[in-house]
1. Among the residues of segment A:141-172, which ones are closer than 30 Å to A:K255 by Cα and assigned to a strand (DSSP E or B)?
2. Consider segment A:39-58. How many of its residues are open to solvent by 10 Å² or more (accessible area, probe 1.4 Å), closer than 21 Å to A:K5 by Cβ and either assigned to a helix (DSSP H, G or I) or of a type in the set (K, R) (or both)?
3. Exactly one of these conditions fails for B:R144: (1) more than 14 Å from every other protein chain (Cβ to nearest Cβ); (2) more than 13 Å from the chain's Cα centre (by Cα); (3) of a type in the set (K, R); (4) assigned to a helix (DSSP H, G or I). Give me its number.
4. Just to check your reading of the model, which residue among A:K166, A:K135 is open to solvent by 20 Å² or more (accessible area, probe 1.4 Å) and facing another protein chain (nearest Cβ under 9 Å)?
5. Which is within 11 Å of chain A (Cβ to nearest Cβ), assigned to a helix (DSSP H, G or I), open to solvent by less than 10 Å² (accessible area, probe 1.4 Å) and of a type outside the set (F, W, Y), of B:A75, B:A86?
6. In segment B:115-134, is there at least one residue being outside the structural domain of B:I259 (by TED's automatic domain parsing), farther than 15 Å from B:E67 by Cα, among the charged types (D, E, K, R) and not in a loop (DSSP other than H, G, I, E, B)?
7. Of all residues in segment B:54-69 being more than 12 Å from B:Y87 (Cα to Cα) and surrounded by fewer than 18 Cβ atoms within 10 Å (Cβ to Cβ), which is farthest from the other protein chains (Cβ to nearest Cβ)?
8. Among the residues of segment A:77-92, is there at least one that is within 9 Å of chain B (Cβ to nearest Cβ), at pLDDT 95 or above and buried (at least 19 other Cβ atoms within 10 Å of the Cβ)?
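The values are calculated or read from the model by the stated rules, or taken from the named source; none is laboratory data. As the structure is a computational prediction, the values presented were derived from the model and not from experiment. All Cβ positions, glycine included, derive from the backbone under ideal geometry; neighbour counts span all protein chains shown. Only protein heavy atoms, including side chains, enter the accessible area calculation; ligands, DNA and RNA are left aside. Shrake-Rupley method; radii C 1.70, N 1.55, O 1.52, S 1.80 Å.
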Amino acid sequence: MENSKSLKEKSLEIRKATLNLYRASAGFRLASSLSVVEILVALYYGDILKFNPKDPRDENRDRFIISKGHGSISFYPILADLGFFDKAELDRMSQPGSFLADIPDTRIPGYETINGALGHGLGVACGVAIALKRKESDAKVFVLISDGELYEGAVWEAIMFAGHHKLGNLNLIVDNNKRAMMGDCKEILDLEPVEEKFKVFNWRVKRVDGHDVEAVKIALEEFKKEDQKPKVLIADTIKGKGVPQLELDPMSHIKNLKEEEVLSALQNLC
Amino acid sequence: MLDLNQDAKTSLGGAAKAMRDVFINGLCERMKKNKRIFFLSADFGSPALDRLREEYADRFINVGIAEQNMINISAGLALEGFDVYAYAITPFITMRDYEQVRLHLAISSQIRPVNVNLIGVGAGLSYDVAGPTHHGLEDLAIMRLLPNMAVFSPSDWRLVEKFIDFSIENKSPKYLRFDSKPLPEIYENPDEVDLKKGFHELIKGEKIALVSTGYMTQTALAAAKAEGDVGLIDVFMLKPLDEDALSETLKKYDCLITIEEGFIGNGGLDGLILNVLADRGHCAKVKRMGFKDKYVFDLGGRKYLHRLNGLDEEGIIKEISLWKQ
């Protein structure tokens, strides 16, 4: 963490870096990559996660599993900034020889699991959480999924499993941007009341404004103290946060921006 | 190499055991010393599993009727360095969770070691009277399709016993296709078998050879014994296997009959053999025996169903006779 910068300033920097990455390699899912910026910043710059860029597989690290892989490209500039890989790699994203694809994989230092097909990450995280308990490790598991992933049945298999097995070292963050690919979740299949659904599966639940990076940090800090139940943070976010054309479009998931729209967003971000 | 008299003795007189029980009992023995083994079940049991559950309750997990989650959990454990065994019946462990297997075992293991062993019990028509939902006729082809996935299809419990240590030592994903019924031993001396080679020429023949896998090697053995001059090649590992060595063995024969308890013409054992021949320019005549492109709704027991589909001993002998003509 660069102490000279607040988490809010860091979030702005990462959001701009993500837009610049989009200028260089348009095609990735920008809107859902923008909704998770404050979540990622809180985890990596807010002293929540233990990590080691020099040894990404350090046994003592916390495991961070991104299930919504397509919507996590804002993680690339964070990993580069922290030294997991050379920043020059960002300039050649999606080009021959690059390991940075539109959907990330485990060749990228800092990514723990294969993703891309939705609804898998939480189940894998359950396995990792059991493994860490077996090793008597203090390391925690954090998982990032989207609210749209809650449509996948396998996620509920994992939610039920984690609650039953009291996986207190497991922390889930739902990027609750309220939109899937074809529109608003409320219209497709209403997921609310999502907090109650987790509670009846024996999870501890918190809900915050997912763009209030300090609030996200505080909630996750509290999670680290609790060890008897799995925990979920419902982070209410806005899909395409920071780019008006994306924020307002129900189909923002697949919306492509023109160069001037990206430049305009970059100028207006604050 | 077995001689014909020995075949007769072992195939008819060898002790019959269930592959699942042999494997799980053997695994229990390894779990005493090897603390890194986990066993997961999607709510399927067996007498042998009762022992494992009791002795190693801290490393046994019944995930419930949730195969997709079982594979995800298995992958998470394996990524942390554990050796994992995931158990369900054949059609469910190969199809209900196919995407999880594809992502976290097949794709992921190309980058990081993932030692997850899928134990599918109920190969072919093992669960005969249960009907087509519980038959396993697609699994050989769809598991063979996945890069980085080993496909083990043993014909007797001796091979299964030998495979236990192999499965622990080789840190890659594997599919283990087990019969549900006790079957007699074929391999009296499994030390002679090289698992990495993937096949064993049980009987050397003259012009015609049967090429079989799994349960069908039991039937093929009886047919080959009856005919006398017919070879028998047991392909117990459809992937990976030593294709060059297999090719050298196949090219000794003019006519080959592939026999599998699965759909033919869709990438199972027959596809493997045809590929090996084609890639090396061999021109043997090949007859493919197995199930045609229809599910099996008939009832009446496995042997009866095999007879209906020409897969019994007489059916094989009939095909041999046609080649001889």
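1. Matches in segment A:141-172: A:F142, A:V143, A:L144, A:I145, A:S146, A:L172.
2. 2
3. Single failed check for B:R144: (2).
4. So the residue among A:K166, A:K135 that is open to solvent by 20 Å² or more (accessible area, probe 1.4 Å) and facing another protein chain (nearest Cβ under 9 Å) is A:K135.
5. Selected residue: B:A75, the only one of B:A75, B:A86 that is within 11 Å of chain A (Cβ to nearest Cβ), assigned to a helix (DSSP H, G or I), open to solvent by less than 10 Å² (accessible area, probe 1.4 Å) and of a type outside the set (F, W, Y).
6. Checked segment B:115-134: at least one residue is outside the structural domain of B:I259 (by TED's automatic domain parsing), farther than 15 Å from B:E67 by Cα, among the charged types (D, E, K, R) and not in a loop (DSSP other than H, G, I, E, B).
7. Ranking the qualifying residues of segment B:54-69, first place goes to B:E54.
8. No, that holds for no residue.
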